[in-house]
Amino acid sequence: QVQLVESGGGLVQPGGSLRLSCAASISITSIYAMGWYRQAPGKQRELVSLIIRTGTTNYADSVKDRFTISRDNAKNTMYLQMNNLKPEDTGVYYCFANRIVATDWGQGTQVTVSS
């Protein structure tokens, strides 16, 4: 099992920025894909973004051109840079690691966008 530790969440005003981090307990070069889901109150968990080992990225339409996902293999850490945040981005953000044979999850970090 891979341990994933998220950080970087918090309270930010609309239009602000946050950077989420997800640190893995193993070398992330051995992980097929990593990414982020989020869950807003009363809503289903939705995929926000993912990055495949090859570097290919994917984004939900609602965050395209505002969020950027990246990986730092030397630090075994994945990031989600979130710019121009909107109230509808509020939710708990969960990091995941897809190793093909299993998927591991972080504990979640709260992001609240409010004035």
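The values are calculated or read from the model by the stated rules, or taken from the named source; none is laboratory data. This one's a predicted model, so the numbers in the text were calculated from it and none came from an experiment. Glycine gets a Cβ as well: all are built from the backbone with ideal geometry, and neighbour counts include every protein chain shown. We work out accessible area using only protein heavy atoms, side chains counted, and drop any ligands, DNA or RNA first. Shrake-Rupley method; radii C 1.70, N 1.55, O 1.52, S 1.80 Å.
Values as computed for the structure displayed
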{"item": "Accessible-area value, K75, 1.4 Å probe, nucleic acids and ligands omitted, Å²", "result": "130"}
{"item": "Candidate residues R38, R71, R53: accessible-area rank, largest first, probe 1.4 Å", "result": "R53, R71, R38"}
{"item": "Formal net charge of residues neighbouring Y32 (Cβ-Cβ distance under 11 Å; K, R +1; D, E -1)", "result": "+2"}
{"item": "Protein-only accessible surface order, largest first, of L18, L47 at 1.4 Å", "result": "L47, L18"}
{"item": "Rounded to the nearest 10 Å², the accessible area of D72 at probe 1.4 Å", "result": "50"}
{"item": "List I69, I52, ordered by accessible area with a 1.4 Å probe, largest first", "result": "I52, I69"}
{"item": "In Å, descending, principal axis extents of the Cα set of the chain", "result": "40, 25, 23"}
{"item": "Distance in nm between pseudo-label sites at Q44 and Y32 (7 Å out along the Cβ direction from Cα)", "result": "2.2"}
{"item": "Dipole in debye (nearest 20) - the chain, about Cα centre, beta carbon charges: Lys, Arg +1; Asp, Glu -1", "result": "120"}
{"item": "Computed over region 19-115: relative contact order in percent, which uses C-alpha pairs under 8 Å that are six or more apart", "result": "32"}
{"item": "Qualifying lysines (Cα of each under 23 Å from Cα of K43; at least 8 residues distant if same chain)", "result": "K64, K86"}
{"item": "Probe 1.4 Å, accessible area per residue of the chain, Å²", "result": "52"}
